[in-house]
Amino acid sequence: MELTTLALLILIPLLVWRIYLRLKQIFRRQESLAWRHVMGVAVCGALLLTLGFSMLPDTGAISFLAAGALGGGWLAVFSLKRTRFENRGLRFYFTPYPRFGMLVCLLFAAAVLSIGVELYMNSRAAIPQAMSQVTLMRAPARAIAFGLMLGFIGVFSAGLLRWRRTQKPLPDAE
């Protein structure tokens, strides 16, 4: 076994642990900013459409991407039901339910890591194969993970935006 392969096998668990620690910080109480929610809906929708159109000839990959997006949206709805919302004067806060969000984010990180490992293994092969976005996304687990992430963030952002529009600012308690 090569030294670089051994280093990769040691670094991957450390990277996953660092991702987990970073996600714990993200799923704490945070201020609700309407522009972030609009950007979440727009960017996730655009990425989902772009990925779908790039996979157009492969109906299997599109169906896995769509199933992942539907599953992510479904998880986001359940996560929104368990999210705590606060209205503090002119500021709005929310504390997302971390379990579903962490699950989706870690599955997405695993899909990205699997792409990195596949690229690494391909570079070490005797005859490297040409790899494109289409060949990397043909794996059903990757398409589902990408769909889950985009569907979850898009629907969660839409739910937060919907909540923000129903809230009236409270008078400041000075």
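The values are calculated or read from the model by the stated rules, or taken from the named source; none is laboratory data. None of these values were measured; they are calculated from a predicted model. Every residue, glycine as well, gets a Cβ built from its backbone with ideal geometry; the counts of neighbours run over all protein chains shown. Just so you know, the surface numbers come from the protein's heavy atoms only, side chains and all, with ligands and any DNA or RNA stripped out. Shrake-Rupley method; radii C 1.70, N 1.55, O 1.52, S 1.80 Å.
Is at least one residue of region 51-73 open to solvent by less than 50 Å² (accessible area, probe 1.4 Å), closer than 17 Å to LEU23 by Cβ and among the small types (Gly, Ala, Ser)?
The answer is yes, given that some residue of region 51-73 is open to solvent by less than 50 Å² (accessible area, probe 1.4 Å), closer than 17 Å to LEU23 by Cβ and among the small types (Gly, Ala, Ser).
I need the full set of residues from region 31-50 which are surrounded by fewer than 18 Cβ atoms within 10 Å (Cβ to Cβ) and touching a Phe, Trp or Tyr at 6+ places or on another chain (Cβ under 8 Å), in order please.
Answer for region 31-50, where residues must be surrounded by fewer than 18 Cβ atoms within 10 Å (Cβ to Cβ) and touching a Phe, Trp or Tyr at 6+ places or on another chain (Cβ under 8 Å): just GLU31.
Looking at PHE108, PHE53, PHE100, PHE64, can you tell me which residue is assigned to a helix (DSSP H, G or I) and without any contact (Cβ under 8 Å) to a residue 12 or more places away in the chain? I'd like the intermediate steps shown before the answer.
Working: PHE108 fails: without any contact (Cβ under 8 Å) to a residue 12 or more places away in the chain; PHE100 fails: without any contact (Cβ under 8 Å) to a residue 12 or more places away in the chain; PHE64 fails: without any contact (Cβ under 8 Å) to a residue 12 or more places away in the chain.
Within the list PHE108, PHE53, PHE100, PHE64, the selection yields PHE53.
Being surrounded by 15 or more Cβ atoms within 10 Å (Cβ to Cβ), over 30 Å from ASP58 (Cβ atoms) and polar (S, T, N, Q) is the requirement here; does THR83 meet it?
Judged against the criteria, THR83 is a match.
Being over 19 Å from SER79 (Cβ atoms) and loosely packed, with under 13 Cβ neighbours inside 10 Å is the filter here, so list the residues in region 16-30 that pass it.
Answer for region 16-30, where residues must be over 19 Å from SER79 (Cβ atoms) and loosely packed, with under 13 Cβ neighbours inside 10 Å: TRP17, ARG18, LEU21.
Could you look through region 6-51, keep only residues that are modelled with pLDDT of 90 or more and of a type in the set (Gly, Ala, Ser), and pick out the one that is nearest to GLY147 (Cα to Cα)?
GLY45
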